[in-house]
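Here is the structure we will look at, set down as structure tokens.
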Amino acid sequence: MTVMKQKPSIQNTILLLLMIIAVFSTGIYSFMWVYQEYSQFKKESAVVKEEFLNSNKARVKNEVERAVKYVEYKQSQAETRLKESIKSRVYEAFNIATNIYNQNHGLKNDDEIKKMIKDSLRPIIFNNGRGYFFATNFDGISELFVDHPELEGTDLINVKDSGGRFVVRDQIEIAKDSDEGFYRYTWTKPNVEGKSFPKIAFIKHFAPYDWFIGTGEYLDDVENDIKQEIIQRLRTIRFGNNDILFAGTWEGFSVFGARKKPYRRKSLYNITDINGKKFIQELISNAKKGGGFTSYISGKEYSQRQKVKISYSDAIDDWQWYIGAGFFATDIDALIESKRTELKENIKNFILKALLVFVALLLFILLMIKSVFNRIRTNFESFLHFFSEASAKFSEIDVPSQHYKEFQQLANAANQMSLGRKQAEEALAKSEKRFREMFEQSPFGIALIGSLTGHIYALNPRFAEIAGRTIEEMKGGDWMSITHPDDVQEDLDNMALLNAGKINGFNMEKRYIRPDGSHVWINMTIAPVAVEDKTHPRHLCMIDDITARKEAQEERNQLQNKLQRSQKMEAMGLMAGGVAHDLNNILSGIVSYPELLLMDLPEESPLRNPIKTIQESGMRAADVVEDLLTIARGVASSKEVLNLNAVVEEYLDSAEQQKLEKVHPMSTFETELDSQLLNITGSASHIKKILMNLVVNASEAIEGSGTVMISTVNQYLDEPLKGY
């Protein structure tokens, strides 16, 4: 067995060379001389730097305090500004309503004038879409409610705000007692669920109709407008060396600052400088304490522009803001650069004197390094040859031929890597074969899709079969082209949530449209797939055909609905039958006793007509009872041989027809009755009601004057008439 000779270490060889260079390149004399020069330079620089820091601190502190005072002044104007704005708007609406009333009073009725006023005020929107007018009468009935038009015409007298105040009642009292005034309450915002906000409204009495007209504004909306004005003003301020102000919230969100696009949606509360200092937290802490200075490093760790920055911050307590400004302490470098230049010149002269020594040393080092690197180059060439062959086939490095121990270790690792790669490729080939078999033979449809474009990159035969297409037809297409239009939006919404990282996947039921126009129901599961290109994410889509289950579920739902309707009709029939029998007992006396009275009264008695009217009313009531029994039994219980001509003439002599003629005096009622009309079998009361409904509908359909024609004719039908 051959014992491998111990090779020298590259680490030890290079370390030895560096020690030789360090010994000959540095000396006690050089060190002491350079140290003395730099000490003097530092003392002089410290004095200049202190004066620079003090003057700039005073400057930025003064600018921040001026900004805070400006914000406090603008805050104090918020409510006054709100009241002036809504009052002027209500006066505008009041003047519009008064002008419409004055111009149309006496020419149009009140309902028309009211509608004109509401139509004029409804489209007026102001304050960036937040403001609108409302109107309510003194009975608490809403006349104009732009935000909730469905409440117009409803009684709002008992409406309360979140504090329990009767808002409409209080506003009516203001309008009655003072004619106009402001009212403070809490109210919900459109599209904001579960929270109420302080709001101030101004109302004014509109005397012609005893309305009060008003509008309101949320305090926080006005405050937000003021914030935007303040931001626009403060971000334009420049001072000193083009320095600017910055501001943020106590939660660490940027309000405005040096960045073109501040982190408005990302908190900077825990951000650190390159030394790990959480300077945003310190800026906020100093602001809460009444103001203070914070020092930190500005710039990224890899940046060439790392600078020490000193900032002063103060607080806007009501808004939980901090406002600050700063300056770069490193700007002092320009002031002391002349002294640094002088120092460099002195060092340069010293280096020139030592250069001759270093040249001799360098020649010696180069000779040694050349010898070492000739061997290293030989070893590198063997590695290059290995890696060029290993990319295409299995290869090994000759370990004993390496000159240094570190290269022998690398050779062993490279050989193990090459062997491991060979084994991994063999295992991967087997795994891919198994996956392909599972993919092709899966009972579920599987596809790889792009989540942003819907592009189908790959799919198995089952996926194409469910979609009613071939793999060639679908590959390269997109899922939206085969998705039912009613399901596309839900799919897009889920994809948007998935791409935004709000969900890790989703499951939904949807429909695919097949080429023949039919659709198939599927259960789809989407899960993300890890890819290197983050700009083109892909997802695994798995589908299963659930059309049969959906159709069975729909059939069950239809049967359930039919059963429920049948049960309702049965219950209604039982109730109608019970009521009808009770009413029949009551009506028997009303119908029979007038008949007995008429038998005893002489023909010329004035009581005969009233008694006949009572008898006829009782008989009509009996017909209503008969209708209830028809509902209970499902069919008319009384049928007789009838002549339609007689039914028509009897209806035309009825009180109902006489009342209809009074309601529609411009309508004329005529008949064309077939004298050879055949008899029919049916319920006289039901046919009479049908005739009455037809005549009433015809009368109401006439605009102005017209004629309602009632005609009868014999007709034999073996199929439905067209248009009936």
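The values are calculated or read from the model by the stated rules, or taken from the named source; none is laboratory data. Quick caveat, the model's predicted, so the values are computed rather than measured. Here Cβ is always computed from backbone atoms with ideal geometry, including for glycine, and neighbour counts include all displayed protein chains. Surface areas here come from the heavy atoms of the whole protein model, side chains and all, with no ligands, DNA or RNA. Shrake-Rupley method; radii C 1.70, N 1.55, O 1.52, S 1.80 Å.
Here are some notes:
- Pairs where the first residue, in segment 44-55, is closer than 19 Å to Phe293 by Cβ and the second is at pLDDT below 75 and surrounded by fewer than 16 Cβ atoms within 10 Å (Cβ to Cβ), C-beta under 8 Å, 6+ apart: Phe52/Asp331; Phe52/Leu335
- Leading residue by the ranking (nearest to the chain's Cα centre (by Cα)) among those in segment 122-137 that are modelled with pLDDT of 90 or more and open to solvent by 50 Å² or more (accessible area, probe 1.4 Å): Ile125
- Within this structure, Asp516 passes the test of being modelled with pLDDT of 85 or more, open to solvent by 70 Å² or more (accessible area, probe 1.4 Å) and either of a type in the set (Ser, Thr, Tyr) or part of a loop (DSSP other than H, G, I, E, B) (or both).
- Of the residues making up segment 76-99, those that are without any contact (Cβ under 8 Å) to a residue 60 or more places away in the chain and closer than 17 Å to Lys204 by Cβ are Glu84, Ser88, Glu92, Asn95, Ile96, Asn99.
- Meets criteria (charged (D, E, K, R), in contact (Cβ under 8 Å) with a residue 40 or more places away in the chain, in contact with a Phe, Trp or Tyr (Cβ under 9 Å, 6 or more places away or on another chain) and in a strand (DSSP E or B)) for Lys204: yes
- For segment 521-563, taking the residues that are in a loop (DSSP other than H, G, I, E, B) and either among the polar types (S, T, N, Q) or modelled with pLDDT of 85 or more (or both), the one that is most open to solvent (accessible area, probe 1.4 Å) is identified as Thr535.
- Any hit, segment 250-265, residues being closer than 15 Å to Val60 by Cα and modelled with pLDDT of 85 or more: no
- Search result, residues across segment 92-114 that are under 17 Å from Glu143 (Cα atoms) and surrounded by 12 or more Cβ atoms within 10 Å (Cβ to Cβ): Ala93, Phe94, Ile96, Ala97, Thr98, Ile100, Tyr101, Asp110, Ile113, Lys114
- Any hit, segment 492-509, residues being in a helix (DSSP H, G or I), open to solvent by 70 Å² or more (accessible area, probe 1.4 Å) and touching a residue at least 12 places away in the same chain (Cβ under 8 Å): no
- Number of positions in segment 695-724 that are aliphatic (A, V, I, L, M) and surrounded by 15 or more Cβ atoms within 10 Å (Cβ to Cβ): 5
- Single condition Gly27 does not satisfy, out of (1) modelled with pLDDT under 85; (2) loosely packed, with under 12 Cβ neighbours inside 10 Å; (3) over 30 Å from Leu410 (Cα atoms): (2)
- Residues that are under 21 Å from Leu82 (Cβ atoms) and among the hydroxyl-bearing types (Ser, Thr, Tyr) within segment 144-187 comprise Ser162, Ser178, Tyr183, Tyr185, Thr186, listed in sequence order.
- Scanning segment 682-703 for residues that are among the small types (Gly, Ala, Ser) and assigned to a helix (DSSP H, G or I) yields Ala684, Ser685, Ala698, Ser699, Ala701.
- Boolean, Met692 is of a type outside the set (S, T, N, Q), more than 58 Å from the chain's Cα centre (by Cα) and open to solvent by 40 Å² or more (accessible area, probe 1.4 Å): no
- Evaluating Phe246 against the criteria (1) assigned to a helix (DSSP H, G or I); (2) over 19 Å from Ser85 (Cα atoms) leaves one unmet condition, (1).
- Considering segment 38-64, the residues that are polar (S, T, N, Q) and modelled with pLDDT of 75 or more include one that is least open to solvent (accessible area, probe 1.4 Å), namely Asn56.
- Cβ-Cβ under 6 Å pairs, at least 6 apart or on other chains, segment 273-299 side without any contact (Cβ under 8 Å) to a residue 60 or more places away in the chain, far side assigned to a loop (DSSP other than H, G, I, E, B) and among the β-branched types (Val, Ile, Thr): Lys278/Thr272; Ile280/Ile271; Ile297/Ile274
- Hits in segment 138-176 (condition: open to solvent by 20 Å² or more (accessible area, probe 1.4 Å) and touching a residue at least 40 places away in the same chain (Cβ under 8 Å)): Phe138, Glu143, Asp147
- Flag for Lys662 being of a type in the set (Lys, Arg) and either surrounded by 11 or more Cβ atoms within 10 Å (Cβ to Cβ) or not in a helix (DSSP H, G or I) (or both): no
- Looking only at residues in segment 207-243 that are assigned to a loop (DSSP other than H, G, I, E, B) and charged (D, E, K, R), the one that is surrounded by the fewest Cβ atoms within 10 Å (Cβ to Cβ) is Arg238.
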